[in-house]
1. Let me confirm something: among LEU234, LEU123, which residue is away from the ligand (no atom under 16 Å from the Cβ) and either under 27 Å from PRO96 (Cα atoms) or touching a Cys at 6+ places or on another chain (Cβ under 7 Å) (or both)?
2. Do you know which residues across segment 151-184 are in contact (Cβ under 8 Å) with a residue 12 or more places away in the chain and either among the basic types (Lys, Arg) or touching a His at 6+ places or on another chain (Cβ under 6 Å) (or both)?
3. For LEU109, state whether it is assigned by TED's automatic domain parsing to the domain that holds LEU225 and assigned to a strand (DSSP E or B).
4. Return yes or no: is MET33 outside the structural domain of PRO96 (by TED's automatic domain parsing), exposed (fewer than 14 other Cβ atoms within 10 Å of the Cβ) and among the hydrophobic types (A, V, I, L, M, F, W, C)?
5. Please determine whether any residue of segment 79-97 is part of a strand (DSSP E or B), touching a Lys or Arg at 6+ places or on another chain (Cβ under 9 Å) and either without any contact (Cβ under 8 Å) to a residue 40 or more places away in the chain or of a type in the set (D, E, K, R) (or both).
6. Regarding LEU86, is this residue touching a Gly at 6+ places or on another chain (Cβ under 9 Å), modelled with pLDDT under 95 and open to solvent by less than 60 Å² (accessible area, probe 1.4 Å)?
7. Which residues, counting only those in segment 178-197, are within 11 Å of the ligand (Cβ to nearest atom), more than 25 Å from SER119 (Cβ to Cβ) and open to solvent by less than 40 Å² (accessible area, probe 1.4 Å)?
8. Looking at ALA148, ALA135, can you tell me which residue is modelled with pLDDT of 95 or more, assigned by TED's automatic domain parsing to the domain that holds ILE181 and touching a helix residue (DSSP H, G or I) at 6+ places or on another chain (Cβ under 7 Å)?
Amino acid sequence: MRIDKLLANMGYGSRKEVKKLLKDGGVTVNNEMVKDAKLHVNPENDTVSIYGEEVHYREFVYLMMNKPPGVISATEDAVDQTVIDLLEPDHQIFNPFPVGRLDKDTEGLLLITNDGQLSHQLLSPKKHVPKTYFAVIDGEVTDKDIEAFKEGVELDDGYVTKPGELTILKSGIRSDIELTITEGKFHQVKRMFEAVGKRVVYLQRLSMGPLKLDEELELGEYRELTEEELTNLLDRE
Ligand code: URA
């Protein structure tokens, strides 16, 4: 990879700014000053430093966030704070994006990455990646709803959902449930409950494929995926 591309990818400025950095003598490769922006380096083997500080190159970043309510799942927004705004600059430089969307008021597991291929795999309707949600429902959720969700319910636009697995954790005038679905239609969980005459008053995503929300993460906190989590996710492909 060209040294200017590597440094730009790592967030050391635009290609033009990186060129200047090189010209100013700020960059060494294997302890030798490098001024040629076209020089090829191997990020695995070569040691690249900027003003003496070693640069650890990597292409992708994989973050798990416990998304708080009130923040939107987008990279930028004119009005609202986005999940990307919650990241440290060290992570923002990778230009990551959320994998799929949670509604503004939905909490819980959100994967944030710059790995477009992985994102595509997880979101592709063909892959049927299961997503499990915890929800509080205004209304009594019954066995009839379990059956209806198993069959698939008709949403307000006429679309009939694929089977969903509904578990009642607590039934009453307010019910606690878990629901696993393999699709990601707009507002899907809320609209599935609307289809059976009930309303979601709280929604939290617990898992996406093999990835489970780390309960240690407070709302708004995030961390990098562990090697094991990443391997399990990439293995799905
Ligand atoms: N279903 C919804 O209705 N909202 C979400 O945020 C996620 C799934």
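1. Just one listed residue meets the conditions, LEU234.
2. LYS162, ARG174, THR182
3. Answer is yes for this residue.
4. Criteria met by MET33.
5. Looking through segment 79-97, none of the residues is part of a strand (DSSP E or B), touching a Lys or Arg at 6+ places or on another chain (Cβ under 9 Å) and either without any contact (Cβ under 8 Å) to a residue 40 or more places away in the chain or of a type in the set (D, E, K, R) (or both).
6. So LEU86 fails the test.
7. PHE193
8. ALA135
The values are calculated or read from the model by the stated rules, or taken from the named source; none is laboratory data. Values in this document were obtained by computation on a predicted structure and should not be read as measured data. When we count neighbours, we look across all protein chains shown, and the Cβ atoms used for this are built from the backbone with ideal geometry, even at glycine. For the accessible areas, the whole protein counts, side chains as well, though only heavy atoms, and no ligand, DNA or RNA atoms are used. Shrake-Rupley method; radii C 1.70, N 1.55, O 1.52, S 1.80 Å.
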